There are 2 protein chains.
Amino acid sequence: MSHDIKILTEAELRQVVGLDIETVDVIEQAFTALASGEVVMPPILSMDLPAANGEVDVKTAYIPGFDGFAIKVSPGFFDNPKLGLPSLNGLMILFSAKTGLVQALFLDNGYLTDIRTAAAGAVAARHLAPEVVETAGVIGTGVQARLQMKAAHLVRPFSKLLVWGRDAAKAQTCADDLAADLGIEVQPVADASELVSLSQLVVTTTPAREPVVKAEWLHKGLHITAMGSDQEGKNEIDPRALALADLYVADRVSQTEILGELRSAKQAGLWAHGIPAELGNVITGDAPGRRSDEDITIADLTGTGAQDTAIASHVFAMIRDSKAGTVISA
Amino acid sequence: MSHDIKILTEAELRQVVGLDIETVDVIEQAFTALASGEVVMPPILSMDLPAANGEVDVKTAYIPGFDGFAIKVSPGFFDNPKLGLPSLNGLMILFSAKTGLVQALFLDNGYLTDIRTAAAGAVAARHLAPEVVETAGVIGTGVQARLQMKAAHLVRPFSKLLVWGRDAAKAQTCADDLAADLGIEVQPVADASELVSLSQLVVTTTPAREPVVKAEWLHKGLHITAMGSDQEGKNEIDPRALALADLYVADRVSQTEILGELRSAKQAGLWAHGIPAELGNVITGDAPGRRSDEDITIADLTGTGAQDTAIASHVFAMIRDSKAGTVISA
């Protein structure tokens, strides 16, 4: 009665899947499926481990038509850097959606999450940013700052990129890395307001608890994707900006109203537009998107289990008949 | 930055851990910890996959003082038998409670759950059944019927055992298996009321949605452990029996009032005893247990994440320095 389970490590996964247009398309399918209303996506299971300054989240989603569903476990232990370990870790488990049997274990230490998160940024940019983006800006200087810009560049091949972070040295390193990766001009800027004013596409990638983008910085023809807030208490965008924008789009309203920018706007009493659109509805055309190059649009991404199921299924389709990884009969 | 992860299959786990008094003691510790109020145990994550007649549950718990915490994923796909596959499957993942790094993957197909569930039955019998049990009875004829009786026999070495199930042939097979296992007299009976009237300890192990034990069958000196109900809609014990018993004890009230026998009693308007005791409080002496050999007691077990963390930690302690299983550096 035993069956084969494929096990891939982070190093093996990095050889199989990267951030390319195919991955962006796979994640776009997840949002389209979410819009259909047939996805089953339970609330995130979340547990605090206060003694270790840690937390763990579990996400899952069943997407009709997909052969499997993923369960993703994401621990975050914020004292790890003192031990020389990364704060974020975790794995994805892919199950057959027909039998519930484990098909694959992806010991990715968060790599697949990084990829699917950046790909969601590209999906938002593809459907919400102005058709032509000459200058993009990224706020934050970490792994997602880099990946978000690589992903955005796939769908909006901007020729100039600005980087802002609280730490000027880190902003310089991030700019240098991105210039090498993208082969374009990348400059750190001293002032986030300057970055926003010069960009048509801005992505915020910080764990900020006070807004890093002010409402008075908004200008015609701007799209902002805020992907940093994924917890109560985080907030990157001035709540007034959500009220002022021509369009606000959530990855999943039931999440952004608790974990995202929408929470702060509602809490401030500044949200008066009813139930906002979700990214999937904009993709399918069921909800209006950007109406002109002058619109100001904001996308609020908290990360969905549907993206995990989509990326894990994509990886499994690529490796199921290959020799990649280890096979255990269990 | 990679670290070693131990991976054990069901076959390997069966060689490492079984249902013995050590396992019962480990599970008792989990209940004692639950009683301390310091355990962090989020609500169960549950997802339906209606297209496949499937469901998946995720349980976890952090127990202060334990080096690790388990996340358990339990898929149940009820059309699997038509495909020659078991309905229940799943795995446990053990994480470091200090760093969140994955320590071990137990590809147990539900084996560790079976063991920790039966061990909880033994803990309930140890603390709630009359000191002397001559005759025990089990209602149901599946895997848990067998394991619950093996576990109960460790703490109450009864000399006679009765088995009842809806299918007489299955009851006979279960009785034969248990007679061989325990080396005592085991008889199938035609009537569940006869089984209850002749037993001092009864365990119900069915997925019943209508009570299989009637209130009028209760008699002095009886202990019943109901372990079958773990979902809304399941019900093994007549709600009136909970009202009539001298003592009702939950594994976890926040679960039994939604998933266990307590739910049915409350729904029927028959529960008037306030907040019931939990098994851990009876173990520590913070809540009264059985007062005399004449008391009628009922334990309601729905299964807790704390048990999963306890059994997974126990297994890891036994294998971490052994050559058991496969090691992957991830």
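The values are calculated or read from the model by the stated rules, or taken from the named source; none is laboratory data. For clarity, every value in this text was computed on a predicted model and none was experimentally measured. Glycine gets a Cβ as well: all are built from the backbone with ideal geometry, and neighbour counts include every protein chain shown. Areas reflect the complete protein model, heavy atoms only, side chains present, ligands, DNA and RNA absent. Shrake-Rupley method; radii C 1.70, N 1.55, O 1.52, S 1.80 Å.
Things to note:
- Enumeration of residues in region A:296-330 that are at positive phi and more than 14 Å from every other protein chain (Cβ to nearest Cβ): A:Gly303
- Residues of region B:256-274 that turn out to be open to solvent by less than 20 Å² (accessible area, probe 1.4 Å) and over 14 Å from B:Gln231 (Cα atoms), as a count: 1
- Within region A:296-315, residues that are more than 19 Å from A:Arg240 (Cα to Cα) and open to solvent by 10 Å² or more (accessible area, probe 1.4 Å) have Cβ atoms under 6 Å from residues that are of a type outside the set (Phe, Trp, Tyr) and assigned to a strand (DSSP E or B) in these pairs: A:Ser313/A:Gly68, counting only partners at least 6 apart in sequence or on another chain.
- Checked against (1) touching a His at 6+ places or on another chain (Cβ under 8 Å); (2) within 11 Å of another protein chain (Cβ to nearest Cβ); (3) of a type outside the set (A, V, I, L, M), A:Tyr62 passes all but condition (1).
- Single match in A:Leu88, A:Leu94, A:Leu49, A:Leu83 (criterion: in contact with a Gly (Cβ under 6 Å, 6 or more places away or on another chain) and over 24 Å from A:Asp4 (Cα atoms)): A:Leu88
- As a summary of the residue check, A:Asp230 satisfies the conditions (1) open to solvent by 50 Å² or more (accessible area, probe 1.4 Å); (2) in contact with an Asp or Glu (Cβ under 8 Å, 6 or more places away or on another chain) except for the one numbered (2).
- Pair list, Cβ under 8 Å, 6 or more apart: region B:157-169 residue on the phi > 0 side of the Ramachandran plot, other residue part of a helix (DSSP H, G or I) and at pLDDT 95 or above: none
- Given (1) open to solvent by less than 20 Å² (accessible area, probe 1.4 Å); (2) aliphatic (A, V, I, L, M); (3) part of a loop (DSSP other than H, G, I, E, B), index of the condition B:Met92 fails: (3)
So that you can scan it fast, the table gives a plain yes or no per residue for (1) out of contact with any Pro (no Cβ under 8 Å at 6 or more places or on another chain); (2) touching a residue at least 60 places away in the same chain (Cβ under 8 Å):
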position	(1), (2)
A:Thr205	yes, yes
A:Glu210	yes, no
A:Met227	yes, yes
A:Glu236	no, yes
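- Options B:Lys160, B:Lys170; residue that is open to solvent by 10 Å² or more (accessible area, probe 1.4 Å) and either within 11 Å of another protein chain (Cβ to nearest Cβ) or over 30 Å from A:Ser96 (Cβ atoms) (or both): B:Lys160
- Only one entry in A:Glu278, A:Glu257, A:Glu261 is closer than 19 Å to A:Trp217 by Cα and in the same structural domain as A:Thr225 (by TED's automatic domain parsing), namely A:Glu261.
- Sole residue being closer than 26 Å to B:Asn281 by Cβ and of a type in the set (A, V, I, L, M, F, W, C), chosen from B:Val26, B:Val16, B:Val58: B:Val26
- Pair list, Cβ under 8 Å, 6 or more apart: region A:275-289 residue more than 19 Å from A:Ala243 (Cα to Cα) and open to solvent by 20 Å² or more (accessible area, probe 1.4 Å), other residue modelled with pLDDT of 95 or more and not hydroxyl-bearing (Ser, Thr, Tyr): A:Asn281/A:Ala287; A:Ile283/A:Glu28; A:Ile283/A:Phe31; A:Ile283/A:Val123; A:Ile283/A:His127
- Of the numbered criteria (1) in contact with a His (Cβ under 9 Å, 6 or more places away or on another chain); (2) farther than 26 Å from A:Ile115 by Cβ; (3) at pLDDT 95 or above, the one A:Ser292 fails is (1).
- Selection from region B:266-307 of residues that are hydroxyl-bearing (Ser, Thr, Tyr) and closer than 17 Å to B:Val123 by Cβ: B:Thr284, B:Thr297, B:Thr302, B:Thr304
Residues checked against (1) within 30 Å of B:Asp108 (Cβ to Cβ); (2) among the small types (Gly, Ala, Ser):
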{"site": "A:Gly221", "(1), (2)": "no, yes"}
{"site": "A:Glu236", "(1), (2)": "no, no"}
{"site": "A:Ala243", "(1), (2)": "no, yes"}
{"site": "A:Leu279", "(1), (2)": "no, no"}
{"site": "A:Gly285", "(1), (2)": "no, yes"}
{"site": "A:Pro288", "(1), (2)": "no, no"}
{"site": "A:Asp321", "(1), (2)": "yes, no"}
{"site": "A:Thr326", "(1), (2)": "yes, no"}
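- Any hit, region A:248-255, residues being open to solvent by less than 20 Å² (accessible area, probe 1.4 Å) and more than 22 Å from A:Ala35 (Cβ to Cβ): no
- Put simply, of B:Asp191, B:Asp181, B:Asp176 the only residue that is charged (D, E, K, R) and within 19 Å of B:Glu236 (Cβ to Cβ) is B:Asp191.
- When restricted to residues that are of a type in the set (Phe, Trp, Tyr), more than 8 Å from chain A (Cβ to nearest Cβ) and in contact (Cβ under 8 Å) with a residue 40 or more places away in the chain, region B:65-80 contains 1.
- Of the residues making up region B:104-116, at least one is open to solvent by 10 Å² or more (accessible area, probe 1.4 Å), more than 13 Å from every other protein chain (Cβ to nearest Cβ) and among the hydroxyl-bearing types (Ser, Thr, Tyr).
- Taking the criterion of being more than 8 Å from chain A (Cβ to nearest Cβ) and of a type in the set (Asp, Glu), the residues of region B:33-59 that qualify are B:Glu38, B:Glu55, B:Asp57.
- A:Glu134 open to solvent by 10 Å² or more (accessible area, probe 1.4 Å), under 30 Å from A:Leu195 (Cβ atoms) and not polar (S, T, N, Q): yes
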